[in-house]
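The values are calculated or read from the model by the stated rules, or taken from the named source; none is laboratory data. Everything quoted here is computed from the prediction, not taken from an experiment. FYI the Cβ positions are ideal-geometry reconstructions off the backbone, even for glycines, and counts take in every protein chain you see.
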Ligand SMILES: NC(=O)c1ccc[n+]([C@@H]2O[C@H](COP(=O)([O-])OP(=O)(O)OC[C@H]3O[C@@H](n4cnc5c(N)ncnc54)[C@H](OP(=O)(O)O)[C@@H]3O)[C@@H](O)[C@H]2O)c1
């Protein structure tokens, strides 16, 4: 591999996911940040929009408006941490310019016909969807290696697809509907202030949202089918809980006759034995989102409830790291031939 670092652009650098991309990429030996893109924050230095990054050598780098030609001139790889619907018009131009793309938005995760229903827009570049690789490294690393366009998964689908797929493929759970309950902290909605994201609205509040139309529903179905070849319907109910970071999912599936907690746990352990970012809990241990906070780790746990014939699968990630920026860098590492763990944390801050 070329010893000189890859020149990297981060678009959406003023956002929550963009801030995490900058924090980790700044310590990446194979990456040099050459462009920081934003909209309203254009013209401001990085340290002003992210004061917690003021000690970085690039703290005084000024964020610029997103101009595709200017980005292509100075970067080999572009991370797009922009809102859903804003990346699909940009990506084809970057690919035509020979760049590699990691898209953190949902614009390249689904077949074209799902976008009007689940994202509310006609996909503007359907011909490019076939070029996108779904970037869940623990299941699709071979496809990600060398990929020009990686569609980085959503925060909720990451633990759901990882826990359901091996169990479904092994026949330990039935092919019937999967019920998924999700919980997220307030950073999941991004940095923009809204009435419903105020401290006064979220403190001591637990509430469902977007039931039953959350856009991660078809992504879970699609990802599970990509991994197993089996189509299962997903019912997904997300909730906002009064934390800042962290996603926790609980999935319920019908247990195949005779399957025990040990069978489920052993299957998950065997599937991910060599994966540095997957922690499968032993029978009896319980997932805690706090142990994943600040890390690129996903914790998974499986329990068989023979009384009701149910497999209960629980998973947790830090939504901004394994659920967004960390996974995007893991994909960047695999796509560009770096060790997948480069620049990514596995140890949480605790308590
Ligand atoms: N937050 C999460 O937990 C999470 C998890 C997984 C995936 N994602 C995905 O990651 C992406 C970013 O999410 P986020 O939470 O970081 O959002 P965010 O905090 O709201 O940040 C959005 C960023 O995009 C910029 N931006 C907004 N509209 C733009 C436009 N039209 N053109 C150029 N730049 C624009 C903003 O710049 P200004 O502020 O300067 O206007 C800001 O830098 C989204 O697609 C989201 O779905 C987020």
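Restricting to the stretch 25-49, and then to whatever is touching a strand residue (DSSP E or B) at 6+ places or on another chain (Cβ under 9 Å) and more than 13 Å from the ligand (Cβ to nearest atom), can you tell me which residue is farthest from residue 339 (Cα to Cα)? So, considering only residues that are touching a strand residue (DSSP E or B) at 6+ places or on another chain (Cβ under 9 Å) and more than 13 Å from the ligand (Cβ to nearest atom), the one farthest from residue 339 (Cα to Cα) is 34. Taken together, the criteria place residue 85 among residues that are under 27 Å from residue 22 (Cα atoms), near the ligand (Cβ under 10 Å from one of its atoms) and surrounded by 15 or more Cβ atoms within 10 Å (Cβ to Cβ). Would you mind stating whether residue 244 is in the same structural domain as residue 175 (by TED's automatic domain parsing), within 16 Å of the ligand (Cβ to nearest atom) and closer than 24 Å to residue 324 by Cβ? In short, yes. Report whether or not residue 126 is within 20 Å of the chain's Cα centre (by Cα), closer than 19 Å to residue 147 by Cα and more than 15 Å from the ligand (Cβ to nearest atom). Criteria not met by residue 126. Applying the selection to the stretch 228-240, what residues are surrounded by fewer than 19 Cβ atoms within 10 Å (Cβ to Cβ) and either more than 18 Å from the chain's Cα centre (by Cα) or under 16 Å from residue 118 (Cβ atoms) (or both)? Hits for the stretch 228-240 are 229, 230, 231, 232, 233, 235, 237.
Taking residue 80, is it buried (at least 24 other Cβ atoms within 10 Å of the Cβ), within 13 Å of the ligand (Cβ to nearest atom) and either within 21 Å of residue 214 (Cβ to Cβ) or outside the structural domain of residue 273 (by TED's automatic domain parsing) (or both)? Judged against the criteria, residue 80 is a match.
Looking across 138, 142, one residue alone is over 22 Å from residue 11 (Cβ atoms), out of contact with any helix residue (DSSP H, G or I) (no Cβ under 8 Å at 6 or more places or on another chain) and part of a helix (DSSP H, G or I). It is 142. When residue 39 is tested against (1) out of contact with any helix residue (DSSP H, G or I) (no Cβ under 7 Å at 6 or more places or on another chain); (2) touching a residue at least 40 places away in the same chain (Cβ under 8 Å), just one condition goes unmet, and that condition is (2). Which one of 225, 221 is part of a helix (DSSP H, G or I) and surrounded by fewer than 19 Cβ atoms within 10 Å (Cβ to Cβ)? Result of the check over 225, 221: 225.
Just one of the listed residues (316, 304, 348, 283) is over 17 Å from residue 159 (Cα atoms) and in a strand (DSSP E or B), and it is 304. Please indicate, with yes or no, whether at least one residue in the stretch 146-155 is at pLDDT 95 or above and over 19 Å from the mean Cα position of the chain (by Cα). Among the residues of the stretch 146-155, not one is at pLDDT 95 or above and over 19 Å from the mean Cα position of the chain (by Cα), which makes the answer no. Within the stretch 145-199, the set of residues being away from the ligand (no atom under 12 Å from the Cβ) and in a loop (DSSP other than H, G, I, E, B) comprises 145, 146, 147, 148, 170, 171, 172, 174, 175, 176, 177, 198.
When restricted to residues that are more than 15 Å from the ligand (Cβ to nearest atom) and under 26 Å from residue 292 (Cα atoms), the stretch 200-210 contains 7. Based on this model, can you work out whether residue 197 counts as touching a helix residue (DSSP H, G or I) at 6+ places or on another chain (Cβ under 8 Å) and without any contact (Cβ under 8 Å) to a residue 12 or more places away in the chain? Answer is yes for this residue.
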